[in-house]
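Q: Dumping the structure here so I can ask a few things about it.
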Amino acid sequence: MIPYRRYFLSLAVSCSIASSTVIARPLASLDDNAIIEKLPQTITLMKNKNHPLRQQLQQQPKDINTAIALAKQYIEIGQSQSDPRFLGYAQGLLSPWWTLKEPPISVRLLRATIYQNQHRFQEAMADLNYIVTTAPNNQHALLLKATLHQSMGQHRQAIGSCYKLAKSAPAVISSGCMAASLFASGLAKPALHLLQSLSEETITQQTPTTQQWIYTLFAEISAHLKQAEAEPLFYKALTIKKRSPYLLLTYTDYLLQQQQAKKVIELLEKDEVLDDTLLLQLARAYRALGNIKQTEKYQEILSRRFKVLTLQNTPLHKAAAARFALEFEGNQQKALSLAEANWQSQKTYRDKQILKDALVAINTPKNITLIK
Amino acid sequence: MFIIRIIALFLLIGINQVQAHTASDSFLTIKNIEDKLLLQWDIALRDLDFVLGLDTNRDSQLSGAEIKTKASEITAHALGNIAITNNQQLCELKLESIHIIERDQQQYFSINSQGNCRPEHSITIDYRLFSDIDPTHRGLINYQSADKEINIITTQKNPTVTINTNTLTNNTLAEKAKVISSFIIEGIWHIWIGIDHIIFLLTLLLPAVALTQGKKQALKNGKQAFFAVIKLVTCFTVAHSITLSLATLNIVILPSRWVEVVIAASIIVVALNNIKPLFNHARLWFAFVFGLIHGFGFANVLLDLELQAATLALSLFSFNIGVELGQIAIILIAFPLLYALSYWARYRYFFIPTMSSAFAAIAILWVVERSTGYEINIF
């Protein structure tokens with residue numbers, strides 16, 4: 001019959017969800033000593049370290065070497081903090097050369113990195129292709145290209161780039177590249193053997209960043225092949241004092257599989273900069289432990305985040321949204337469409353996994369054989 | 001070694017799309033109310049810190065003191081990077097207040113200001129905040145006026161947007177015609193699906209077609225029957241038109257659940273009176289008084305439809321017309337039928353009581369359903 005609801009005259013058709021739970025404090029009411037916002041340490045360190053550099057750039061924005069030096073740091077912060085702002089800042093620094101028809105290679109390389117992090121794969125590939133044709137031995141470009149091919153599901157090209165890299169780069173780097181490409185193409189065992197052939201010494205001679213990369217990859221492949229060595233390898237990667245969102249993601253996946261949800265919580269709760277994927281891991285961990293209150297808390301945060309991002313036309317982390325839809329919203333159709341959309345844009349094995357899980361949930365065996 | 005160090009800087013440890021906190025977005029709400037422009041602009045403290053260096057003691061925390069110290073610099077920077085023009089005249093923005101707002105676990109510096117312009121046809125917003133520092137920064141603009149709401153996004157590539165501020169009272173005839181026709185249809189539809197209203201009417205009409213008032217009840221002729229029906233329906237219509245308007249315009253508000261229960265009860269009253277005519281003299285009053293309640297019922301329906309402030313009166317009027325038209329259609333079908341039936345010998349002592357009892361029974365079920373909220377799905 002007639003519904004028992006009563007709608008008053010309303011203005012809005014769309015209502016910004018973000019504004020529905022807003023508490024505004026007048027500026028004057030703030031306590032002087034109250035902490036209003038915490039900033040990540042890395043950003044403060046960057047400011048301290050680069051104060052003269054930043055000053056210099058403000059005076060001479062067209063000093064390419066300074067701009068590149070600073071842009072690299074911004075990119076690194078952007079990656080380690082999962083903060084896309086810093087990619088924007090890097091892009092801002094490079095703007096005098098960004099729109100040139102022929103930007104210098106150093107700028108192109110950074111641009112490709114930024115594009116890749118912004119998920120603009122075609123544009124990144126365009127820059128990298130240019131670099132490797134004009135400067136075939138540019139190792140950065142080859143490595144970046146290999147990684148890009150991996151995420152686009154172009155495994156042969158990925159392996160090809162690593163092979164070219166082997167001619168000039170040190171063994172650790174090219175082995176890492178090759179192992180990652182092999183793993184991405186489904187050849188986990190050969191990838192593992194390749195990494196096992198590296199001696200501990202050669203690895204520890206590398207920079208911390210390289211070490212973390214190798215150990216993370218090694219651990220990930222070992223975990224995939226259910227080797228016991230995975231745990232100590234993850235541990236080695238973690239001891240390196242550099243925050244790696246990808247490492248945290250892979251490790252927490254492993255921990256959840258090993259029914260070690262408590263460790264996930266210990267690891268992530270003290271981290272201030274959780275992005276959507278890690279928030280999801282936290283929610284999964286709490287749920288595995290049966291902690292309803294915390295599960296609901298994170299579920300609520302994620303749900304709002306995804307809604308807000310969609311409303312604001314911000315690109316979603318579709319894989320995370322798909323898994324959230326699958327495991328928390330129980331919306332299998334939504335999970336599948338998100339997973340499929342994600343698969344269109346990215347084809348790492350993690351993307352394959354969520355697509356498989358979504359298909360299995362909808363129970364269409366026919367489709368599963370298709371993607372195999 | 002140098003090469004390795006450089007390569008190391010770029011090692012993408014797995015492909016992880018960088019997406020944590022949202023990218024740099026600011027939120028600008030512009031309200032066009034009574035010819036004033038009220039702005040609320042929320043800018044992330046982190047963004048401001050990066051550009052203006054709010055964390056002066058470099059302890060990785062923004063304290064109340066640090067923010068208060070930089071407040072005027074922040075405001076000047078922000079207002080200096082936005083330009084709102086109305087017919088090529090710059091709107092001066094006067095600062096009203098500053099707040100700190102939390103959105104999605106980030107803290108924002110919220111500037112409330114008022115523009116001294118009266119937007120007649122359109123306003124243009126030129127948004128330049130952080131455009132030289134962060135090409136990925138966006139301004140998420142939400143414009144609200146009495147009859148519309150628009151969401152627009154500015155980017156470094158498209159920093160200027162123009163919003164048409166014409167209110168819908170300058171409606172074209174075509175738009176008006178659309179409103180009229182759609183609400184008439186809604187009105188007709190809702191009375192046809194409003195079984196309780198139809199049954200009420202029918203219950204009222206059952207005796208009306210047949211018997212004259214007064215002590216000696218004789219069969220009416222066609223003309224008498226017809227006018228009797230007209231009188232009843234008119235009372236009903238006038239009454240429900242009044243309350244439909246009062247409720248839709250928010251002048252009188254009744255709880256909808258109660259209204260639904262009373263509507264059902266009204267059927268019972270009229271039906272019982274058909275069976276045992278105690279109030280035959282008052283049947284027009286029944287039509288009127290219960291018509292008032294039915295009007296609130298229609299209002300519930302109308303308010304569920306999307307109404308716009310500027311066309312409210314028109315929508316209301318059209319809806320009412322629709323209801324009347326729907327009613328007329330029902331009468332046109334029911335009246336001849338009932339009148340013809342009234343010649344049946346058993347009309348008065350069998351048909352009327354039986355139908356009335358049936359209607360009453362249904363209505364009782366409705367009363368129970370509607371007051372308890374349980375659905376008794378027999379129909």
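Q: Of the conditions (1) outside any helix (DSSP H, G or I); (2) within 14 Å of chain B (Cβ to nearest Cβ), A:Gly186 satisfies every one except a single condition; which number is it?
A: Result: A:Gly186 passes all but (2).
Q: Quick check on the stretch B:118-141: of everything there that is under 27 Å from B:Asn87 (Cβ atoms), crowded, with 20+ Cβ neighbours inside 10 Å and not aromatic (Phe, Trp, Tyr), which residue is farthest from the chain's Cα centre (by Cα)? Explain how you work it out, then say what you get.
A: As a first pass, look at the stretch B:118-141 and keep what is under 27 Å from B:Asn87 (Cβ atoms): B:118-129, B:131, B:138-141.
This time we only want the ones that are crowded, with 20+ Cβ neighbours inside 10 Å, so: B:119, B:123, B:125, B:127, B:129, B:138-141.
From what is left, the residues that are not aromatic (Phe, Trp, Tyr) are B:119, B:123, B:125, B:129, B:138-141.
Working: B:Pro119: 25, B:Ile123: 27, B:Ile125: 29, B:Leu129: 36, B:Arg138: 31, B:Gly139: 28, B:Leu140: 25, B:Ile141: 23 Å.
Step by step, filter the stretch B:118-141, then rank; the result is B:Leu129.
Per-residue answers, yes or no, for (1) within 11 Å of chain B (Cβ to nearest Cβ); (2) more than 15 Å from A:Ala90 (Cβ to Cβ); (3) of a type in the set (Lys, Arg):
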| position | (1), (2), (3) |
| --- | --- |
| A:Gln118 | yes, no, no |
| A:Gln139 | yes, yes, no |
| A:Cys162 | no, yes, no |
| A:Val172 | yes, yes, no |
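Q: Ok, one more. How many residues does the stretch B:56-90 hold that are under 20 Å from B:Ser26 (Cα atoms), in contact with a strand residue (DSSP E or B) (Cβ under 8 Å, 6 or more places away or on another chain) and part of a loop (DSSP other than H, G, I, E, B)?
A: Looking only at that region, the number is 1.
Q: Among the residues of the stretch A:172-206, count how many are open to solvent by 40 Å² or more (accessible area, probe 1.4 Å) and over 15 Å from A:Ile159 (Cα atoms).
A: 10
Q: What residue, of B:Phe279, B:Phe290, is of a type in the set (Phe, Trp, Tyr), without any contact (Cβ under 8 Å) to a residue 24 or more places away in the chain, more than 14 Å from chain A (Cβ to nearest Cβ) and within 22 Å of B:Val367 (Cβ to Cβ)?
A: Details: B:Phe290 fails: without any contact (Cβ under 8 Å) to a residue 24 or more places away in the chain.
Answer to the check: B:Phe279.
Q: Hey, could you check the stretch B:76-105 for residues that are over 33 Å from the mean Cα position of the chain (by Cα), farther than 12 Å from B:Leu39 by Cβ and open to solvent by less than 50 Å² (accessible area, probe 1.4 Å) and say which is farthest from the other protein chains (Cβ to nearest Cβ)?
A: Here the residue is B:Ala83.
For every residue, the table says whether it meets (1) facing chain B (nearest Cβ under 10 Å); (2) among the small types (Gly, Ala, Ser).
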| position | (1), (2) |
| --- | --- |
| A:Lys62 | no, no |
| A:Ile77 | no, no |
| A:Gly88 | yes, yes |
| A:Gly92 | yes, yes |
| A:Trp98 | yes, no |
| A:Pro103 | no, no |
| A:Tyr115 | no, no |
| A:Phe121 | yes, no |
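The values are calculated or read from the model by the stated rules, or taken from the named source; none is laboratory data. The structure displayed is predicted, hence computed values, not measured ones. Here the Cβ is made from the backbone with ideal geometry for all residues, glycine too, and neighbour counts use every protein chain on show. Side chains included, ligands, DNA and RNA excluded: accessible areas come from the protein's heavy atoms. Shrake-Rupley method; radii C 1.70, N 1.55, O 1.52, S 1.80 Å.
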